[in-house]
Structure formats: structure tokens, C-alpha cells
Amino acid sequence: MFTDPKLESVARDAIAVDEPERLLARFATLTRESGTPDEHAAADYIAERLRALGVPFTVHRPDLFLSIPERAELHVEGDAIRCRPPAFARSTGGAEMSGAICYVPSTYAGGTGDLFDTPSAASASLASDPVAGRVVVTEGYSMPGTVQAFERRGAIAQIFIHPGQDIHEGICTSIWGAPTPAALPAKPRTPVVCVNQPDGQRLIALASQGSPRATIRTWLREGWAPCPLLLAEIRGADDPDEFLLVHGHYDSWYVGIGDNATGDATLLELARVLHGLRGKLKRSVRIAWWPGHSTGRYAGSTWYADHFADDLDEWCIAHLNIDSPGCRDATAYEEVMWMAEASAVCTCAIADALGVRATGMRPLRAGDYSFNQFGPTAFYMLLSNIPIAERKARGYYAVGGNGGSPTWHTPNDLPPVADPAILRRDLAVYLTTIVRVVNAPVYPFDYSAAIDEIATAVADYAARAKGRIDLDPVLRDLEMVNAAYVRWRADADRRATWGDADERRQAGATLRRLARILVPINYARGERFDHDPAIKLPAVPRLEPAVRLAETPDDQQPFMRTALIRERNKIRAMLRAALRELSHSPR
Ligand SMILES: [Zn+2]
């Protein structure tokens, strides 16, 4: 594994927290809702600091499609109950929607990894469904898959009971970024509100005594709004066209200190330190601050993916997402997201920077991972967390940021959530990883690990389909691609050096093209350059229907098999392309 101990320690020694602390103090005064003056003020602040630091940057002003939840009212049997609507719930514009309550008992997410799961209680399909025509009440966050499932079952409105005292803000549309005409019908059609645990318990008690009526009114502001998007660049000294994209969102719920002012401060400090090292970084680093994450379902990063697709496709080495680092008590690295091929580089970087053993997980279909469908390798999203055992001891429930603290997406996400000492640790991790990626003669990603993850998923689908679809050809292709990769890699590691620009650039180009094939196989269902919905995707999602094949009625199986054969063909063609990439060894 490539390391550059001298430069890495220079980079880590350069970390200071005064710039981050100034940003946190300023952002603590700004409710950075996208499309509002406070968001613009935050963008102006970042721009002003970049200018002062001498870091070259660009400001784009895309029009993003947003839904800002203003307020909601809920009355049950005459009682007013405090509630909040998630972004993209249907706005009744003040009109009343009322109906009988139907309580559907469900469960809360057990950890960050299942936040996007659709609970079986929601996806059940019943012959005469009690949900149809009623106001559904259920436990959990208003996640897009769940909201969609209840709409499919005919719910006229939805009430989600959150796990604690607080109501957490959120977004319930499954549409990733700006909708296309084809995607628009998937926009939520029902009014949705969220209530806290005690109020939810009251609702459940009422529902157990009969069918009380609920009346809901929602006010959301939906439409297109110009939002600043900032992009800094530190040009590499040797291969400046090749770049690592390092990014995070700067819009927030309330003043969002842990989510994501700490991330914005981190990005700014990275810009400062990396700019100071600019002559020593061989490839480029682009640093992006996105708007539209919270109320536009990653609208900013999706806009960038859409409008800079050619550049990203051709030159992006990988991307590194920064969300909610630097939070109080977040000393553990137990649930760090990275793609399989980045596992070794991330684990080693964390170990070398902090002496901590990290454990990883597959990145969720979330968090500004808006690039999976055309395929750069990716790593990190949330990073440090309060240790799992400590969160359990404190009685914390699963959240999607703030180091695991229930302040996430609430008015309590205030300055005490941040901890400069933890921020410093996370910065050390980011810098160590970044130096290794941009300065390794051959990118430090192990694509055998990705091929292995894909093969495991395919074998699992084959087993669950019980012989009703033949996936052996895919497994054989994968073996061939892996053998070719191992040979190619040994050769490239030997030949590609900082002394031989041709060999090195060719090796980089091959690895970028290999990622463009393997990442979409492992992470995408739809076409390249489109955006799959924000609904949980398993590994190799194209073959996922194989899971249901054996349980499908006999007369329906041939239709399903036809679809699966077509997906198998697509994957095999992609693997043949990978094989062709790897067959011409560097010269
Ligand atoms: Zn966030």
C-alpha cells in the first residue's frame, strides 16, 4: 500500500482549528435553508475566506428544485398535536385533509445502516387493506420507500412517530435531485407529518379505542430557486487533469452545527492546508460545498453530476464525501462507509493517522453519493461516531449524523455539538487519505475487492433463485476479470512511476474506466448518468429480482426470467468491456 509518510505528517502538522472555529461561529448565526438569504450569506462567507486564503475557486448559481417545509397542523379528536412536515410532503396549502386513523405498528431503524430500509409493516400487501382511504400512523422516520409504500396501499395521509422527544426534520421524496418528466409522478402525493414519541403514544392509545379522525393541514414551499454552489481547486503538479472530488453540503436544518457546519469547516481547512502543499500534490483536489442537500434530495451534487458529467466521467479519480464530522464524543470509527475497493486505503489511513482500527460498511444510497451511476469509486460519508456501546448506554436511537447524537436535524444542533479536538482528528484522517490517493503512482484502490463483493452478491442471487436463472456465466466472467486485473495490477505497479508519465497516466486511465464499469454494476439499477431513486439498493441491484423468482407463481416466472436475462446480458457486456480494458497491459 502506497504511503508518503513525510508529506502526510507535514499535512497533519499543518492542521489548525482557528479557521474551522471562525466558520462554526459564523454558521451558528445562519439558518442555512436552501434558496434563502442565510444560505447565500454562508456561501459569501466561504467565498470570502477562500479569497483571503488565496485558494482559487468558482461560484456556480444553479436553479435547484426544492421543497421547504414551513409548518403543519394536526388535530385528532379536537386535540392539537405538535408536528412537522418533511420536505416534499404534499402541501395542502392550508386546506384540511381528514380521515380515520389506521395504526400500523412498525419498528425503528436499529442503526445508521438500516435508516433507508422500508419496514415490512409498510410494504405488506393485504387483500382488503385497512390502510386504504385512511390516515396511516406508524413508527419511524418518513423515509421515501415507506412513504411510497403507504401511498401505493391507498393511504390518504401519513403520520410518523419519531423515536424520541424531538421531531427530526427530513425529506420524503424518492426522486434524486431535479425530477425529470418521467420521475415526477413519483413525487409524494399525500400530506405527511411527523410527531414526537409521547404524542405518538397518545395517538396509538386513541387508535386502540376505535378509529379516531385526524385532520391535517400542511404548508410547504415548492419550486425552483437559485442557490450558490462553491468549488475550490488545488491543481496537481504532475497530472492536474486527474482530480479527487472532496465534497459536502453547506445547507442545513436550523443552524446545523454538527450537520454540516463541522463538515463545511473541515472542507475549508482542507482547502487551506492542501493549497499550502500545492507544489507537492501530484494530482488535483476539487473541493465542493453543495446547496440543496436537505430540501432538494442532494440537488446541488446532482446538478454538478449532470452539468459536469463529461469532466467527471473522464477525469474524476474518486470522490470523498464529508458529512457530520467533528462532533462531541465521536471517538470511534466503527461504521465508516467506503466502497470495497477503498477499504484497504481507508483502514490504513485511519490506522496511520490516529492509531485506531476502523470498520467499514457499504455506502447507503444517500448523502450526496450522486455519482454512482457513472462510476467513480467513493469513500467516507459519515466518519467518526460516539462509540456504539456508549450510544447504547445513553439510550440513543439511530440517527443519520451528528456522531450519533439525537441533536441531528433538530433545533438542538447548536455549537456544543461540535468539538474542535475531534474535528482535528477527522481532519488528520481526511488529509492522510487524500495525500495517498493523489500521490500514489497507481491509484491505491483494490478492484479485486470490488469484484469479490459483486461475485458474492451474484452467487447469493443464484442460490436464492434456486436454479431458476443461470448466473454461472456472470460468475465465470467475474473470475476472468479478476485474474486479468491481478495480472494487470502487478504489471502496472512495477512500471507506473512518477518517472514515467506515459505509463502512469495510462494506468490511471485504465483504473478510472474500470471503476466506470464496476461501480455501476455494484451500485446502480438505471442507466449511466441517470439517478436511481433514494431507496435502499442491495449489491448488484440489477439482479435483485432473482430473490423473488422462486416464490413467484409459475405462470409469472417466465416474465421475470426474461427481465433477468436482459439484466444478465447487460452485466456480461460490461464485464467484457472490463476485460478489454485490462487486456492491453501498460504498453
Ligand atoms: Zn448532512
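The values are calculated or read from the model by the stated rules, or taken from the named source; none is laboratory data. Not measured: the values here are computed from a predicted model. Here the Cβ positions follow ideal geometry from the backbone for every residue, glycine too, while neighbour counts run over all protein chains shown. Surface areas here come from the heavy atoms of the whole protein model, side chains and all, with no ligands, DNA or RNA. Shrake-Rupley method; radii C 1.70, N 1.55, O 1.52, S 1.80 Å.
Among the DSSP helices (H) of the chain, those spanning at least 15 angstrom by Cα along their long axis with an average Kyte-Doolittle hydropathy of -0.5 or more are 37-53, 197-208, 262-276, 343-354, 420-439, 447-464, 501-523, 557-583; this is a geometric and hydropathy rule only.
According to the Kirkwood relation over distinct C-alpha pairs, the hydrodynamic radius of the stretch 435-587 is 16.8 Å.
Hand me the trypsin sites (Lys or Arg not before Pro) from the stretch 137-209 located in a DSSP loop with no more than 15 other Cβ atoms within 10 Å, in residue order please. Of the trypsin sites (Lys or Arg not before Pro), the ones in loops of the stretch 137-209 whose Cβ has at most 15 other Cβ atoms within 10 Å are R189. Largest to smallest in accessible area, the residues W289, W303 fall in the order W303, W289 (1.4 Å probe, all protein chains included). In terms of its C-alpha gyration tensor, the stretch 276-333 comes out oblate, because a/c is 1.5 or above while a/b does not outweigh b/c. Please work out the C-alpha center-to-center distance from the stretch 348-413 to the stretch 113-150 and express it in whole Å. Here the answer is 26 Å between Cα centres.
Over the stretch 353-441, give the accessible area per residue in Å² for a 1.4 Å probe, as an integer.
On the way: 2490 Å² over 89 residues.
So the stretch 353-441 comes to 28 Å² accessible per residue, rounded to a whole number.
Peptide packing: for 100-113, 217-230, the average count of neighbouring Cβ atoms within 10 Å per residue gives the ranking 217-230, 100-113, highest mean first.
Annotation for R505 and Q197: the two label points, set 7 Å from Cα along the Cα-Cβ direction, are 5.9 nm apart. Quotient of the Cα radius of gyration of the stretch 107-208 and 2.2 N^0.38 Å, N being its number of residues: 1.08. Can you work out the FRET efficiency for the pair I388 and L579, with r the C-beta to C-beta distance and R0 = 51 Å, to the nearest 0.05? My answer for the efficiency is 0.80.
Each peptide in 468-481, 83-96 receives the mean, over its residues, of other Cβ atoms within 10 Å, and ordering these scores from highest gives 83-96, 468-481. Within the P(r) computed for the chain, what percentage of the Cα pairs occupies the region above 40 Å? Percentage above 40 Å: 26. Each Lys and Arg contributes +1 and each Asp and Glu -1, all at the Cβ; summed about the Cα centre of the stretch 249-334, the dipole is approximately 480 debye. Of the heavy-atom accessible surface of the chain (probe 1.4 angstrom), what whole percent is carbon and sulfur? Within the chain, the accessible surface is 52 percent carbon and sulfur.
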